[in-house]
Amino acid sequence: MIFLAIQHYEIKSKLDDLKTTPSEISLVINELKSQNVRFLTITALDQDESIELVYHFEKGIDVINLHLKSLKKDVIPSITSVFPAAFIAENELQDLFKLKISGINVDLGGKSIKVEDSPTTLLKPAVGPEPPILRFYGRCREECPSMVNAPKYIRQIAQGDPIAAYNTVLENAALPACLGRVCFAPCQEGCRQEKNDEPIQIRLLKRYAADNTPALKSKFKRSKSSGKKIAIVGGGPSGVACAFYLGLMGHNVTLYEKTSKCGGAMLWGIPKYRLPKDILELEVQARFKDAGVTFKPNSDITDLKPLQKEYDAIYLALGASGSSKLMIEGENSEGVYDFRDVLRMVNVEDKTPNLGKSVAVIGGGNSSIDAARVARRLGADKVTMYYRRTEKEMPASPLEIHGAIAEGVNFEYLVGPLKINSGKPLKLMLQDMKLGEPDASGRRRPEPIPGSEFTVEVDSIITAIGQTVGIPSDFGVQVTRYGTIVVNDNYETSIKGVYAGGDVVFGPKSVIEALRDGKKVASVIDKSFNGKGWPEPSIDMTEFVARPSNLDEIKTQEKVECRELSLEARILSFDEVELGFNVDEALREANRCWRCDWNE
Amino acid sequence: MKHFVKLTVVGGAIGMSEISNKTKKYSVLPFGPQHPVLPEPVHLKFLVDEEKIVDVLPNLGYVHRGIERGCELNDYKRNIYLTERVCGICNFIHGATYSAGIEKITDTEVPIRAKYLRSIWSELQRLQSHLLWLGLFADAIGFESLFMQIWRDREMVLSLNEKTNGHRIHLETNLIGGARKDIDESLAKVYKEDLSVLRKKVEALTPVFHKDPGIKQKCEGKGILPKSKARFLGAVGPVIRGSGLKEDIRMTGYEAYGQLDFEPIVYNGEDAYSRMLVRFDETLQAFDLIDKALKQMPEGPILNKNTKFPEGSTVVRSEQPRGELFYYLEGNGTNKLDRCKIRTPTAANIPPLVNMLIGYEVPDIPTIVHSIDPCISCTERIVYLKEK
Amino acid sequence: MPKMLKEVLKNLISPPATVNYPFVKPTPVPGTRGALTWDMSKCDQCQDCERVCPSVAIKVYPEEKKVEYQPFKCLFCYLCIDNCMQNAIVGSDNFKTADYEKKTEVYETKQ
C-alpha cells in the first residue's frame, strides 16, 4: 500500500511534499532510492517540544520534500544506510537540537560542533539587539486634532477609489465635504514636503473625494438598537458629529436646534464663496439619515430639567454665541455693525445690505477677513483692515490673507481704534501702537504711542475682534469667569449625565476640533452604558503599504495648483472661489505623496 | 605521538575499507584547523598506517557565525546584505539566490534586463573565484611565481567591480525584484575593454595548465572519484563534472542562462587533474558568456517591486563556482521570515572528499584537499537552537 | 616551466604592480562608496534611514533632533542615501581609515 501511495504522489505537480512518520520512514526512503534520487540536505524547524524535519531530494530537475514530525524525546532512525552522504547533516542535528538519531554510520557522538572537553557551549539562547520596528502614523495624521487617517485616504485616491477615501475620513471626522473647504489644515503644516514649500494639498484631496461620492452616502450601517435615548442641544458641527456616531452605535438620538437649519457657525459665519450652503445641508441630512437621528428645529432650550427626566444622557453643544465689544466711545452709532449681524444677513437671510463705498474693518481673525471680503462683494471700493499687532501675529490663516490681498483689501498694521464720531460720513479716530512685553498668552502686548492720533472718514465700520460664550443661567452647570462650561477629563459637567464639548467649553476654535469633541463624547457616552465605544486610531503591522518605486523622480515634482475663479468674476458674485481638482489633477497630486507610513 | 582511539563505525566506513566492528591500533594524524596549506579552518583526523591513509573523520564547526538565526531577527529585506556576507568570494550569488527565493514566494516577476544583469555579475564572480583558486592550487603545488602572477591579473576584475558599484568585493546590486544599478553604454565599453585584456593574459596560461609535465605529475591519478559512485556520494560542481557526469544547475535555465546557449564542460579523468582542467575551461567560458549577454541584453526597466509579504515555503537552487547552492525559505505573512536554511556546496563535497583520500599517501593530502575547492566559511552557519 | 620563462623575464624589468600605501595614496575611482556625513539643516527626523539600515548603525532621536551614527558598524551599502527624501545624507570618496577606538558620531541641529 505504501508503494501505491508513493506512486500516486509522483503524478502531482513539481514541488512534491510527502509526509511520513518515524516508523515508516525506512520504507519510503528505499522506495525513493529505487527511483534514483539524489540526497540534498535536511532542514529542521524547531517547535519547542516537537520537531519537524524536512528531507530534500532531487529527482531530475525537481525537488522532493519529505516531512517528518516527531517529539524531541523519541528516537528517529537514520537514513545513512541508504544515503551515506547524510552523516554530516545528521550529526549536526544531533548536536544542536538534542535529538536522538540511531544508526548513523559515522557517529561523532555529540561532538561534531563542540570540541571534546570544551568548557563553553554553543547552545546559548539567541538574544541580541532587536532591529527597530518603528512605524509612526505619519506626521500629517499626528497633527490632525482628530487623527483622520490622511496617508490612507491619499493612497486610496491614488488607486482611483474616491468612495473608499470618503469612508476612511468618516471614521474620524463626520463632515468631510465641509472640511474639504473650510478646514485650516494643520495636516498640511505637518507634511514633510513643507520644507520645500510644496506640501501635499490634503484638504483639496478630501474635497475631491467628497465631490465624487454620489449623494454623500456612507457605507456604515446602524447597529442593533440599544434602547437608550440621548438628547443633543445645538446643531453645530459638534452636535452633528456626536449624533452621527451615537446613532451608528445603536442609540436613539434627538437633536434640538434653535434656528431652522443645522450648521452652527458654519452656517452663519462662513461666507458662501467658501462653503456653499446646499452642500452643508446635503451632508448634514445624509449623516442624519445614516444614523437615524430625529431632528427638531426651532426649539430653544432654556431649562434642562424636562430633558433630564426624559433622556438618559444630554450633550450640550451650544457654541460661542456672543461677540466682544470694542469698549470705546461712539460704538453704538449708526453705521457701526457687528460682524455677526453682517454675516448673518448675507449668509442666512440672503440680503445684500448697502455698506457704502468705503468700509473699515477692525480686527485680525478669520471672521474679520470674511467680513472684509463680503464687504468687497457688496459694492465697497475701498476696504481697509486695521489690526493692533503685526502680520506675524495675525491669527488668520495665510490662505485667507492671500485671498483678501488678491481681491483688493488693504491692510494696516500696528493701529488701534480710539473714538468714533457719528455722522455721515463716520469719523474713526485711530492711533499707532508699538509692541511691548509679552502677555500671558505669549504674544507681545500692544502699547499706544502718545501723540500719534489720526482720523479717517468711512461710510461704515465693522467690528470683528472676537467671540464670547454665553449660556442660559437656568441650566445649573458650573461655568468659569469667561462663561465657558467646566468639564472634567471625560467631558462631563458638574451635573451627572450632562456632557459638554466644542466651542462652549474651549472657547472659539476650529471646525475640526469641534468634530473631535463630538466623536469623543459619543465614545464616552457609549462606554458609560457598557458599550465598546468608537474604535481608537491604531497601527496594523501586518498591512502591506508600498513605498513609491520611483523615489528619484518624486523628489523633484512640483505641486499641482488648484484652479480658481478669475479676479473680475470673484467680486461680482458669491460663487465658490476654489474650483477643486478634476481626476487627472487629483491623481497627480496623490501620487506625489512620500508615503511616510510605509511598511514593506 | 601515538593516540589510541576507539571508534564505533557501523556498517563499514564510507571508504569501504576493511575496518568493520574491529578495533585496531592506528596512528592518528590531526590535520588542521591551522595549516599553511589550508585556506580555511577544517579539522580532519586521519587514521594512518605508516604513510598510507586508512580512514578519515571530518569535524567542522570552527567558524560558526549564527547567520541563519540572524536571518530571523532581521527584516526580510535587510537579509540580502546578511546572506551576502556568508562567503566573501561568491557573495553576489548568495544575494541573488535569496532574492530569487523571495520573488518566488511573493509572485513577483523580474524584468528581463535585470535577469541578464544578474547573469553577467554571477559570471564575473565565477571568473574571479576560479582565478583565485588557480593561484592557490599553484601555490600548494609549489609554483609560487604562477600564484603571484594570477593574483595580479585578478586585480582587474576587482577594479571592474569598483567601477560598477563602488566596492571591490561586495557588489551590492541586488534588490528584491530586480537590480539596483544599471550598466549603461560607457560602462559596457569599459567592461569589454578590460575583459579583452584579461582574456589574453589568461589564454597565455593555457599551455601551462594543459601541458606542463610538472603539474601533471603532481596531480594526475590523485584523488580518484569513480563515475559510478560520484552521484551516490552527493558530489556537486566541478568535482562531479571532472568524473564524467553532466550535472550543472545552469542547465535548468534560471535567470538568463536559458537564452545564452549554455553547455557544461565535462572531463572524464576522474582525478584532481581533470577537475583543475574543468575549472580552467570554465574561466574561459565565462568570458564568452559575458560577451554574449552584453550583446543580447534588451532595453527596459530593471526593478519591479514586490506587492505583499512573503508567506509559504519554497526551495531555490543555483550554481556557485564550487557547486550547487541550496536555499529553503519559509515566511509567515509578516515582515520577518520563519526559517532560512542554507546549504553550501562544500558541505556536500565533504563525503566524496573522505572517500577520495583513502588509499593515498600523506604527501598527497594538500593536492587532494585543494582539488575540491574548500570554502569552509560558507559551510558553517548550521542549524541553531532557539532556547527561551 | 619553460613556457613561463617569457613572463618571468618580462616581470624582471617592469615596475612593481603594488602601491606603497600609506606613503602613497591610491587614486580613488569615481563612484567609490566612502564615509558618510549628515547635513542637519535638511534632516527632519523621519527615521527612514534607521528603518532601512541592515546593520542597525543609525539611531535617531526625534524629540531632541539628534542623530547618532556608528561608522564601525556601517557596511557602506548606501541604502540610507537612496531612501532619504530630503537628501540630508552625503557620501564621499575617501574610505574610512582605522582608528584607536570605536567612536560614535553625534550630529545635532543648531538652534
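Residue by residue, the stretch A:183-193 carries 3J(HN,Hα) couplings of 5, 7, 6, x, 5, 5, 6, x, 4, 6, 7 Hz when phi is fed to the Karplus relation 6.51 cos²θ - 1.76 cosθ + 1.60 (θ = phi - 60°); x denotes Gly or Pro. The helix-only estimate of mean residue ellipticity at 222 nm for chain A, built from DSSP H runs of length n ≥ 4 each weighted as -39500 (n - 2.57), is -8500 deg cm²/dmol after division by the residue total. Can you pull out the buried accessible area for chains B and C, both sides counted, probe 1.4 Å, rounded to the nearest 100 Å²? That pair of chains buries around 1800 Å² in total. The calculated FRET efficiency for A:LYS224 paired with B:ASN332, based on their beta-carbon distance and R0 = 51 Å, is about 0.90.
When the Cα convex hull of the stretch B:225-271 is projected onto planes of every orientation, the mean area is 3.2 nm². Quote the FRET efficiency, to the nearest 0.05, computed for A:GLU310 versus A:PHE544 with a Förster distance R0 of 45 Å and r equal to the Cβ-Cβ distance. Using R0 = 45 Å, I get an efficiency of 0.35.
Excluding same-chain neighbours fewer than eight residues apart, the lysines reachable from A:LYS258 by a Cα-Cα span under 23 Å are A:LYS229, A:LYS272, A:LYS277, A:LYS289, A:LYS296, A:LYS305, A:LYS309, A:LYS351, A:LYS509, A:LYS519.
Counting only protein heavy atoms and a 1.4 Å probe, chain A has 46 square angstrom of accessible area per residue. Stokes-Einstein diffusion for chain B at 37 °C, viscosity 0.692 mPa s, with a Kirkwood radius from C-alpha pairs, works out to 148 µm²/s. Projecting label points 7 angstrom from Cα along Cα→Cβ for A:THR556 and B:GLU155 puts them 3.8 nm apart. Taking the average, over residues, of other Cβ atoms within 10 Å as the packing measure, peptides A:282-293, B:274-285, B:317-328 rank B:317-328, B:274-285, A:282-293 from highest down. By how many nm would the segment from A:LYS509 to A:GLU391 lengthen if fully extended, with 0.36 nm per residue of separation less the alpha-carbon distance? The span from A:LYS509 to A:GLU391 would gain 40.5 nm if fully extended. Note on the protein assembly as shown: antiparallel DSSP beta bridges, both residues inside, total approximately 70 percent of the bridges counted. For peptide A:54-66, the mean count of partner chain Cβ atoms within 10 Å of a residue's Cβ comes to 3. Counts of other chain beta carbons within 10 angstrom of each beta carbon in peptide A:83-91 average 6.
Inter-chain Cβ neighbour count for C:38-46, averaged per residue, equals 2 (cutoff 10 Å, partner chain atoms only).
Return the Rg/Rh value of chain A, two decimal places, where both radii are evaluated on C-alpha atoms and Rh is the Kirkwood radius.
Details: Rg = 35.7 Å, Rh = 29.8 Å.
Expressed as Rg/Rh, it is 1.20.
Gyration tensor analysis over the Cα atoms of the protein assembly as shown returns equivalent ellipsoid semi-axes of 79, 35, 24 Å (largest first, whole Å). Ignoring lysines fewer than eight residues from A:LYS33 along the same chain, the ones with Cα atoms less than 16 angstrom from its Cα are A:LYS59, B:LYS229.
In the structure displayed, which of A:LYS219/B:LYS308; B:LYS52/B:LYS222; C:LYS42/C:LYS102 lie more than 23 Å apart, Cα to Cα?
Values: A:LYS219/B:LYS308 27 Å; B:LYS52/B:LYS222 14 Å; C:LYS42/C:LYS102 27 Å.
From the list (A:LYS219/B:LYS308; B:LYS52/B:LYS222; C:LYS42/C:LYS102), the Cα-Cα distance tops 23 Å for A:LYS219/B:LYS308; C:LYS42/C:LYS102.
Site pair B:HIS210 and A:ASN591 shows an inter-label distance of 5.7 nm when each label is modelled 7 Å from Cα along Cα→Cβ. Taking a straight Cα-Cα cut-off under 14 Å and skipping sequence neighbours fewer than 8 places away in the same chain, the aspartates and glutamates within cross-link reach of B:LYS104 are B:GLU255, B:GLU311, B:GLU330.
Applying the Karplus relation 6.51 cos²θ - 1.76 cosθ + 1.60 with θ = phi - 60° to the stretch A:482-493 yields 3J(HN,Hα) values of 8, x, 7, 7, 8, 10, 8, 5, 9, 6, 9, 8 Hz, where x marks Gly and Pro.
Round to the nearest 0.05 the FRET efficiency obtained for A:GLU457 and A:GLU564 when R0 = 41 Å and r is the Cβ-Cβ distance. According to the calculation, E is roughly 0.75.
Annotation: for a label point projected 7 angstrom from Cα along Cα→Cβ of B:GLU220, residues of the stretch B:245-273 with backbone N closer than 20 Å are B:266-273.
Loop-located trypsin sites (Lys or Arg not before Pro) in the stretch B:144-185 (DSSP state not H, G, I, E or B) with no more than 10 neighbouring Cβ atoms inside 10 Å do not occur. Once each part is reduced to its C-alpha centroid, what is the distance from the stretch A:236-251 to the stretch A:54-82 in angstrom? Distance between centres, Cα-based: 62 Å. Surface calculation, 1.4 Å probe, protein heavy atoms: A:TRP268 sits at approximately 40 Å² accessible.
Computed extension length for A:GLU24-A:ALA440: 141.3 nm, one decimal, from 0.36 nm per residue of separation with the Cα-Cα distance subtracted.
Quotient of the Cα radius of gyration of the stretch A:324-467 and 2.2 N^0.38 Å, N being its number of residues: 1.01.
For a 4.7 Å threshold on C-beta separation, the list of partnerless cysteines in chain A reads A:CYS144, A:CYS178, A:CYS183, A:CYS191, A:CYS242, A:CYS262, A:CYS562, A:CYS593, A:CYS596.
Kindly provide the chymotrypsin sites (Phe, Trp or Tyr not before Pro) of the stretch A:443-527 that DSSP labels as loop, not H, G, I, E or B, and whose Cβ sees at most 15 other Cβ atoms within 10 Å.
On the way: sites: A:PHE454, A:PHE475, A:TYR482, A:TYR491, A:TYR499, A:PHE506; in loops: A:TYR482, A:TYR491.
In loop regions of the stretch A:443-527 (DSSP not H, G, I, E or B), the sparsely surrounded chymotrypsin sites (Phe, Trp or Tyr not before Pro) are A:TYR482.
Each of the peptides A:241-254, A:42-55 was scored by the mean count of other Cβ atoms within 10 Å over its residues; in descending order, highest first, they stand as A:241-254, A:42-55. The HN-Hα couplings worked out from phi for the stretch A:210-217 by the Karplus form 6.51 cos²θ - 1.76 cosθ + 1.60 (θ = phi - 60°) are 6, 5, 9, 9, x, 6, 6, 8 Hz, whole numbers, x standing for Gly and Pro.
The values are calculated or read from the model by the stated rules, or taken from the named source; none is laboratory data. Here the structure is a predicted model, which is why all the values come from computation and not from measurement. With ideal geometry, Cβ positions are generated from the backbone for all residues, glycine too; neighbour counts draw on all protein chains shown. Note: areas computed on protein heavy atoms with side chains; ligands, DNA, RNA excluded. Shrake-Rupley method; radii C 1.70, N 1.55, O 1.52, S 1.80 Å.
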